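The values are calculated or read from the model by the stated rules, or taken from the named source; none is laboratory data. Quick caveat, the model's predicted, so the values are computed rather than measured. Neighbour counts run over all protein chains shown; Cβ positions are idealised from the backbone, glycine included. In case anyone asks, the SASA skips ligands and DNA or RNA and just uses the protein heavy atoms, side chains included. Shrake-Rupley method; radii C 1.70, N 1.55, O 1.52, S 1.80 Å.
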Amino acid sequence: MLHAPLEFHSPEAIQKCISVNLMGALEVTKAFLPLVRKSRGRLVYVSSDCGFTPFPCRAPYVITKVGVEALVRCLRLAS
């Protein structure tokens, strides 16, 4: 991932970051959530401090980590 201001990140690089870091977590969650609920298990997410403290030269990465934190909060409220 490029460590630079947002205008230097290509749309393709931003999309790849979102696809891997955010959509990947979301898709795995959706795939296993019914089994986790049935077994009364737990999901554990490993995120980054970027989900709480933004770094201006890592905007695409920060956006995905904030998204993962929001996903976790939504799941917590739904259970």
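All conditions in (1) within 24 Å of A78 (Cα to Cα); (2) open to solvent by 100 Å² or more (accessible area, probe 1.4 Å); (3) assigned to a helix (DSSP H, G or I) hold for E12, with the sole exception of (1).
Taking the listed residues L6, L35, the one that is surrounded by 10 or more Cβ atoms within 10 Å (Cβ to Cβ) and at negative phi is L6, with no other qualifying. Between residues in the stretch 21-45 that are within 18 Å of L77 (Cα to Cα) and residues that are among the hydroxyl-bearing types (S, T, Y) and open to solvent by less than 90 Å² (accessible area, probe 1.4 Å), which pairs lie under 8 Å by C-beta distance while being six or more apart or on different chains? So the pair list comes out as A25/Y45; L43/T29.
Filtered by the rule that a residue be assigned to a helix (DSSP H, G or I), more than 18 Å from L2 (Cα to Cα) and open to solvent by 90 Å² or more (accessible area, probe 1.4 Å), the stretch 50-79 gives R73, R76, L77. The condition of being open to solvent by 70 Å² or more (accessible area, probe 1.4 Å), in a helix (DSSP H, G or I) and free of Cβ contacts under 8 Å to residues at least 60 places away in the same chain does not hold for I18. Selection of the stretch 21-32 for residues being of a type in the set (A, V, I, L, M) and surrounded by fewer than 17 Cβ atoms within 10 Å (Cβ to Cβ) yields M23, L26, V28, A31.
Restricting the first member to the stretch 62-76 and to residues that are among the basic types (K, R), and the second to residues that are open to solvent by less than 30 Å² (accessible area, probe 1.4 Å) and at pLDDT below 95, the beta-carbon pairs closer than 9 Å and six or more apart or on different chains are K65/S48; K65/C50; K65/G51. When the stretch 38-49 is examined, which residues are found to be surrounded by 10 or more Cβ atoms within 10 Å (Cβ to Cβ) and among the aliphatic types (A, V, I, L, M)? Result: L43, single match.
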